[in-house]
Ligand SMILES: [Zn+2]
């Protein structure tokens with residue numbers, strides 16, 4: 001099967017060293033496999049989005065010679081597709097409308113012996129799905145799965161296996177739903193993304209099965225962490241990639257991924273660095289690594 005990989009940022013801020021690391025790892029892995037590398041903008045959470053961030057991310061990828069295949073997919077343009085899937089899952093009895101507020105759920109789950117996570121309150125109520133959240137029914141513990149880098153993953157028992165939300169109360173699709181539908185729509189075979197998303201896989205595999213979609217292969221690469229051990233993000237003060245010095249940014253990303261180019265390539269155009277890196281890429285160097293500390 002031909003390899004299709006992807007980089008799928010949310011436009012919540014500019015590309016920074018942490019998101020660049022994931023972009024580079026997924027790019028190199030796809031190119032080494034002679035595969036396609038797609039870019040998808042996951043713009044389905046307007047309250048968290050920053051105007052202009054999507055364009056800024058794309059311009060940064062271009063400045064870094066991280067060239068993608070096909071046209072960029074914007075999730076905002078696919079809301080009808082997600083809504084159809086929700087309707088189908090409700091009709092099939094695999095999902096149900098839920099009117100619980102966060103505080104009701106908190107109160108219910110605080111009772112001794114209560115189920116972890118969502119207690120199933122609305123499961124059998126047959127509420128109309130129009131202006132309610134929609135949850136998937138989850139009747140068995142999560143399946144374990146084999147990550148390409150992190151090995152066998154079993155969801156911690158404390159995480160439970162709750163009826164997760166696939167459509168929010170405000171009508172917007174939940175992250176799991178949009179991701180799973182679009183990975184299948186774009187024919188993505190292999191997902192290389194940050195370790196912080198490892199815990200999302202059990203629910204996403206559950207949803208793939210419910211929708212009759214194939215399970216892609218997963219490789220969860222380490223995330224960059226700051227001095228306090230927190231994942232590097234806009235919230236923790238990560239600075240934007242310096243697009244005036246793309247060579248240095250590209251070189252630094254490769255070093256962090258354990259793929260240090262020879263000294264004579266220092267200052268070379270990113271495209272030249274990638275050409276070297278595709279040839280020397282060995283994802284095994286990241287096996288079992290969850291986080292890479294960044295000096296500041
Ligand atoms: Zn409920």
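Can you name the number of the only condition in (1) over 18 Å from residue 117 (Cα atoms); (2) more than 16 Å from the chain's Cα centre (by Cα) that residue 154 fails?
Status for residue 154: all satisfied but (1).
Taking only the stretch 14-47 into account, find how many residues are touching a residue at least 40 places away in the same chain (Cβ under 8 Å), more than 15 Å from the chain's Cα centre (by Cα) and assigned to a strand (DSSP E or B).
The number of residues fulfilling the criteria is 1.
If you check residue 188 against the conditions, is it assigned to a helix (DSSP H, G or I) and surrounded by 21 or more Cβ atoms within 10 Å (Cβ to Cβ)?
In short, no.
For the stretch 206-240, what are the residues that are touching a strand residue (DSSP E or B) at 6+ places or on another chain (Cβ under 6 Å), more than 23 Å from residue 166 (Cβ to Cβ) and assigned to a loop (DSSP other than H, G, I, E, B)?
Passing the criteria: 222, 232, 238.
How many residues, within the stretch 269-285, are assigned to a loop (DSSP other than H, G, I, E, B) and either free of Cβ contacts under 8 Å to residues at least 12 places away in the same chain or surrounded by 15 or more Cβ atoms within 10 Å (Cβ to Cβ) (or both)?
Of the residues in that region, 1 qualify.
Going by what's in this entry, would residue 59 be described as at positive phi and assigned by TED's automatic domain parsing to the domain that holds residue 185?
So residue 59 does not fit the description; no.
Given the options 66, 79, name the one that is surrounded by 14 or more Cβ atoms within 10 Å (Cβ to Cβ), part of a loop (DSSP other than H, G, I, E, B) and more than 16 Å from the ligand (Cβ to nearest atom).
66
With (1) more than 17 Å from residue 25 (Cα to Cα); (2) touching a residue at least 24 places away in the same chain (Cβ under 8 Å) as the list, and residue 217 as the residue in question, which single condition is left unmet?
(1)
With the requirement that a residue be in contact (Cβ under 8 Å) with a residue 60 or more places away in the chain, touching a helix residue (DSSP H, G or I) at 6+ places or on another chain (Cβ under 8 Å) and within 16 Å of the ligand (Cβ to nearest atom), what does the stretch 132-164 give you? Let's see the steps before the verdict.
Going residue by residue through the stretch 132-164, those that are in contact (Cβ under 8 Å) with a residue 60 or more places away in the chain are 136, 138, 142-143, 145, 147-151, 163.
Of the ones still in play, those that are also touching a helix residue (DSSP H, G or I) at 6+ places or on another chain (Cβ under 8 Å) are 136, 138, 142-143, 145, 147-150.
Those that are in contact (Cβ under 8 Å) with a residue 60 or more places away in the chain, touching a helix residue (DSSP H, G or I) at 6+ places or on another chain (Cβ under 8 Å) and within 16 Å of the ligand (Cβ to nearest atom): 136, 138.
Report yes if residue 130 is surrounded by fewer than 17 Cβ atoms within 10 Å (Cβ to Cβ) and modelled with pLDDT of 95 or more, otherwise no.
In short, no.
Which one of 60, 85 is farther than 22 Å from residue 183 by Cβ and crowded, with 18+ Cβ neighbours inside 10 Å? Step through it out loud before you land on a result.
Values: 85 fails: farther than 22 Å from residue 183 by Cβ.
Going through 60, 85 in turn, just one is farther than 22 Å from residue 183 by Cβ and crowded, with 18+ Cβ neighbours inside 10 Å: 60.
The values are calculated or read from the model by the stated rules, or taken from the named source; none is laboratory data. No experiment lies behind these values; they were computed from the predicted model shown. Using ideal geometry, Cβ is built from the backbone for each residue, glycine included, and neighbour counts are taken over all protein chains shown.
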